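Just so it is clear, none of the values below were taken in a lab; they were calculated from the coordinates. Note that the coordinates shown come from a computational prediction; the quantities given were computed from them, not determined experimentally. Note: ideal-geometry Cβ built from the backbone for every residue, glycine included; neighbour counts use all protein chains shown.
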Amino acid sequence: MILQGKVAIITGAASGMGRAMCLRFAQEGASVAAVDVDRKGAEAVAKQVHDAGGEAMPFTCDVSQRDQVREAVAATVRRFGKLHLLVNNAGIYLKDDYLLEDLTEETWDKVMGVNLKGAFYFCRFAIPEIITCGGGAVVNIASTAALAGVDHPAYAASKGALLNMTRAVARQYAADNVRANVICPGSTDTAMSRNAAAFRQEATIPFPRMTSWILPRSGRPEEIASVAAFLASEEASYITAAVYPVDGGLTAI
């Protein structure tokens, strides 16, 4: 088990990739704080971890709210006595984030608040705890929208900024034995991706359509979780400031 004895915070834990990462990290030996704004969802994931023989704590948190994030980190340390790993997975996509001239400040701020500010807050409060424990790893979940043009300005801006914020974290905390890397998933079989695909099909505006991947299918949340577990582990001990597209080859076309 490559994460034996480690403690991890995973945001956006109630479903999709976050749920898969909670289960995989626990399978690899980590104790997990399953953080999500969806209380029942976080509790259900923690129960799944417990039922599989692992250890998990659910925590309800709006990642865009500084004080809630600070308390989530503090509660994790109180419960487990330490913290080694942080996965910033929480993210949102909003339907009215498409034509720039119609994009409201409210939508812009909400997307940035969850997708970018949430990761900033968790890094701000979690990294000092990780350093106290001798170091560890941050894994940020961005998107292929950080690597190629998409039709959603706020979402793309948030994910591109998250990518470069991760590089700054990697530079600043390398001497403290904290690594930071980015995963850029492509189309993955999650509720958010399905909702986005349905919106694109129904939209009256002319979205360009993705027509092919090198691997002709969507990814599975478990496939993202495998890469996250690797990057969080000592098997990736010489990897930092790196960007991992996990997209079936989409960005290579």
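Order of Phe122, Phe230 from fewest to most other C-beta atoms within 10 Å?
With the sparsest Cβ surroundings first, the list reads Phe230, Phe122.
Neighbour counts of C-beta atoms inside 10 Å place Leu86, Leu147 in the sequence Leu147, Leu86, starting with the fewest. For the chain, the antiparallel share of DSSP beta bridges with both residues in that region comes to about 0%. Helix 221-232 and the long axis of the chain differ in direction by around 50°, with both axes built from C-alpha atoms. Between Cys133, Cys184, Cys22, the GNM of the chain built on Cα springs shorter than 10 angstrom shows Cys133 fluctuating the most. Against the chain, whose longest principal axis is taken from its Cα atoms, helix 16-27 shows a tilt of about 20°.
The modelled label-to-label distance for the pair His50/Asp176, using points 7 Å beyond Cα in the direction of Cβ, is 3.3 nm. Measuring nothing but alpha carbons in segment 7-252 and taking Rh as the Kirkwood radius, the Rg to Rh ratio lands at 0.96. Calculate how steeply helix 191-202 sits against the longest principal axis of the alpha-carbon atoms of the chain, using the helix alpha-carbon long axis, and give the answer as 0 to 90 degrees to the nearest 10. Around 0 degrees separate the two axes. Taking other C-beta atoms within 10 angstrom as a stand-in for reagent exposure, Thr166, Thr107 fall in the order Thr107, Thr166, fewest first.
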